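Note sheet for the following structure.
A short reminder: the numbers here are calculations on the coordinates, not readings from a lab. Everything quoted here is computed from the prediction, not taken from an experiment. FYI the Cβ positions are ideal-geometry reconstructions off the backbone, even for glycines, and counts take in every protein chain you see.
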Amino acid sequence: MAPLDRAGLIAFVPTTDLPRARRFFEDTLGLRHLGDDAYASSFDVNGTVVRVVAVHELRPAHFTVLGWIVDDIAGAVDMLSARGVGFERFDGMGQDERGVWTAPGGDLVAWFKDPDGNTLSLTQLAPDR
């Protein structure tokens, strides 16, 4: 068996409405659609497969389930905002006008939700990382 640190990764995100989720991940987020089967729509995210899986019932988690590392968080937030994505605001977090929070280590983070209420994020790593 190959070591897992060198194996490909598949990420899973639940949805109660597969066609709606496919439109969001493909059209709004711009992910490359790999195909559909009876259970999921699959997307390529820079070599990682993300399977958006149909479920009958969903209670979104209160934490981030999927996130992207970006080089320019302001540009990514602006692009997604122009596509209708709203960014989350949290009391006491000191987020900027775009909803971007600066973590204690200097990373920049912004959160948004998919149509099912799953929390997704963008992170721009601090320059020294």
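The table that follows gives values for the structure above.
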read-out: Using θ = phi - 60° and Karplus 6.51 cos²θ - 1.76 cosθ + 1.60, couplings along the stretch 101-111 (whole Hz; Gly, Pro as x); value: 9, 9, 6, x, x, x, 5, 10, 9, 9, 10
read-out: Label assignment, Cα extents along the principal axes in Å derived from the structure, set (i) 59, 52, 21; (ii) 76, 36, 27; (iii) 43, 36, 25; value: (iii)
read-out: Ellipticity estimate at 222 nm from DSSP helix runs (n ≥ 4, -39,500 (n - 2.57)) divided over the chain, nearest 500; value: -3500 deg cm²/dmol
read-out: Burial order of peptide ranges 53-64, 6-17 (average beta-carbon count within 10 Å, highest first); value: 6-17, 53-64
read-out: Phi to ³J(HN,Hα) by Karplus 6.51 cos²θ - 1.76 cosθ + 1.60 over the stretch 9-15, Hz, x for Gly, Pro; value: 10, 10, 9, 10, 10, x, 8
read-out: Phi to ³J(HN,Hα) by Karplus 6.51 cos²θ - 1.76 cosθ + 1.60 over the stretch 60-72, Hz, x for Gly, Pro; value: x, 5, 8, 8, 5, 9, 7, x, 10, 8, 10, 7, 9
